[in-house]
Structure formats: C-alpha cells, structure tokens
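Single-structure report; data block below.
The values are calculated or read from the model by the stated rules, or taken from the named source; none is laboratory data. Just so you know, these numbers come straight off a predicted model, no measurement behind them. Please note: Cβ atoms are built from the backbone with ideal geometry, for glycine as well, and neighbour counts cover all protein chains shown.
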Amino acid sequence: MALLKVENLKKYYYSGLFKKEIHRAVDGVSFEIDKGETLGLIGKSGCGKSTLGKTVLRLLEPSAGRVLFDGQDISGFKGSALKSLGTKMQIIFQNPESCLNPKMKIYDAIAEPLRLHRLCRKDEERGRVQELIEAVSLSEELLFRYPRELSGGQVQRVAIARVLGLKPGFIVADEPTSMLDPLVQAQILLLLKKLQTDYEISFLFISHDMQVVEWMSDKIAFMEEGKIVGFR
C-alpha cells in the first residue's frame, strides 16, 4: 500500500468582481508515493509545483480531490487533527530563512517544534537538539549563534534539523537547493539521501533542474499548467 496517495487533487483560485475567472493552479492531479520512495516533480516556474506540494500537506485548502496518508483520508482534517499532521508530513522550503526567526538562536529554532508538539521532556531537550544538529553534519558550537551568522548551506541544514526532529514519514522538498552554490547544493542532496535511508522518509522532491531530479528520484512526474502530463 502506498504511503501517500493523491486522487484528482485540485486547487483553484477565483478572481473578478462580477464574472469569476478561474486559475487552475492544480487541476486534477493523481499520484502515489511508497514508503522510502522519492517522486521527483519537475516543471517550469508557475506550473503549480509548489502549490501542489502545499496542498498535499494541507498548508493550502484543496478545492477538490483526496489525499490519503498511510491509508487515512486527510483531505477534510481540521483543528487538532490537522495540527497532528505536522509530526507526520513536513516541508523543506526553497528559502530556509523563511522558517527561522532571525531573533532566535539556532538551539531554540531546532527545539521550538519539539516543544510545540511535546515530543520530549525538558530534561531530554538538550540531548535531542544535539542529536539533530549532528544528524545534519553541523557543529554543536553553532547552536548559540543566530541565523545571520551562518552561511546559506548551514541555514538550510538547520531547517532540515527542525523538520527531522518531528520524525515525519513524508517530506515535500520544495526546491531545497536552488538558492545554493553547486558545491553546497551537492552536499545538501547527499545529506537528504542519507537521511532518507536512516529515517525511512518518503519525498516529493520539487525542482526545475532535471539533472537534480534524476539523481534524487526513484520516479519522475512532469507538470504543465496545473496538470501532470507524464511519468518516467
């Protein structure tokens, strides 16, 4: 059974004062991802890739269709049920600084999701944060610095550590290396591959770079104007 199953998912936006105009950002998309598998999603800018990823995670409300995670239909989740998805399904953003508070030290940035979801006792927190910073190959001495004191690659590793702390089974990686230079990009991709093996994570890996998608993915979906037009 697939870990994630998406059936005829749609996300429409409406505009116009009298006559509603429809923008079909995601238009009847279906796919499956097995446990430990990576589906690469590739397409031009504006084709709906990121909107699809966010709608799958319920960060955006779907207009129609179903998303099943581990056999459970999560399409209509609200309130606490929707909040609980945060420990099962997560996202790595293109710009990691968007999920880090510039006034918060790295230690607290990593500890914040653990506290929010009550995933460890207070006396266990320091050890858990140290485990996570080591898992993304960063030095413990960075824990008491601010995001502005880190390089772009280091900040992305911190963002990955935050996500990893929740132990999600599924992650949407939304252009996670596109803002990094080629050497750092390769290092982050290798890290994601290692974490996938170590933690049995499934990925929806979104990119416009075919070479990166081919290297990361078990299978590839091609997206145009809100639709998946083919698989490989």
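Conditions tested, residue by residue: (1) in contact with a Pro (Cβ under 7 Å, 6 or more places away or on another chain); (2) closer than 22 Å to Ile133 by Cβ; (3) at pLDDT below 95.
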position	(1), (2), (3)
Met179	no, yes, yes
Gln196	no, yes, no
Phe205	no, no, no
Asp218	no, no, no
Ile228	no, no, no
### Query
Among the residues of region 110-126, is there at least one that is closer than 19 Å to Ile188 by Cα, surrounded by 12 or more Cβ atoms within 10 Å (Cβ to Cβ) and either touching a helix residue (DSSP H, G or I) at 6+ places or on another chain (Cβ under 7 Å) or among the basic types (Lys, Arg) (or both)?
yes
### Query
Quick one: which of Ser178, Ser151, Ser137, Ser202 is within 13 Å of the chain's Cα centre (by Cα) and hydroxyl-bearing (Ser, Thr, Tyr)?
Ser202
### Residues that are surrounded by fewer than 20 Cβ atoms within 10 Å (Cβ to Cβ) and in a loop (DSSP other than H, G, I, E, B), drawn from region 181-225
Asp181, Glu200, His208, Asp209, Asp218, Glu225
### Set Thr38, Thr55: member being buried (at least 16 other Cβ atoms within 10 Å of the Cβ), of a type outside the set (A, V, I, L, M) and within 19 Å of Ile220 (Cβ to Cβ)
Thr38
### Query
So is Asn95 loosely packed, with under 13 Cβ neighbours inside 10 Å, closer than 30 Å to Glu61 by Cα and modelled with pLDDT under 95 or not?
no
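Between Lys44, Lys10, Lys35, which is touching a residue at least 12 places away in the same chain (Cβ under 8 Å), under 20 Å from Asp174 (Cα atoms), in a strand (DSSP E or B) and among the charged types (D, E, K, R)?
Result of the check over Lys44, Lys10, Lys35: Lys10.
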### Task
Would you mind finding the one in Ser75, Ser84 that is on the phi < 0 side of the Ramachandran plot, in contact with a Leu (Cβ under 9 Å, 6 or more places away or on another chain) and of a type in the set (Ser, Thr, Tyr)?
Ser75
### Residue within region 16-29 that is touching a helix residue (DSSP H, G or I) at 6+ places or on another chain (Cβ under 8 Å) and β-branched (Val, Ile, Thr) present
yes
### Query
Looking at (1) in contact with a Gly (Cβ under 6 Å, 6 or more places away or on another chain); (2) closer than 20 Å to Leu39 by Cβ, can you tell me which one Ser207 breaks?
(1)
### Matching residues in region 47-61 - criterion: being within 17 Å of the chain's Cα centre (by Cα), in contact (Cβ under 8 Å) with a residue 60 or more places away in the chain and assigned to a loop (DSSP other than H, G, I, E, B)
Gly48, Leu57
### Query
Of all residues in region 14-32 being of a type in the set (Asp, Glu) and in contact (Cβ under 8 Å) with a residue 24 or more places away in the chain, which is farthest from Ser202 (Cα to Cα)?
Asp27
### Message
For region 175-186, give me the residue count where each residue is touching a residue at least 40 places away in the same chain (Cβ under 8 Å) and farther than 26 Å from Val6 by Cβ.
### Response
1
### Task
Mind checking which helices (runs of 4 or more DSSP H) fall wholly inside region 62-174 and carry at least 1 residues that are over 24 Å from Phe205 (Cβ atoms) and either without any contact (Cβ under 8 Å) to a residue 12 or more places away in the chain or not hydroxyl-bearing (Ser, Thr, Tyr) (or both)?
79-84, 106-116, 122-135
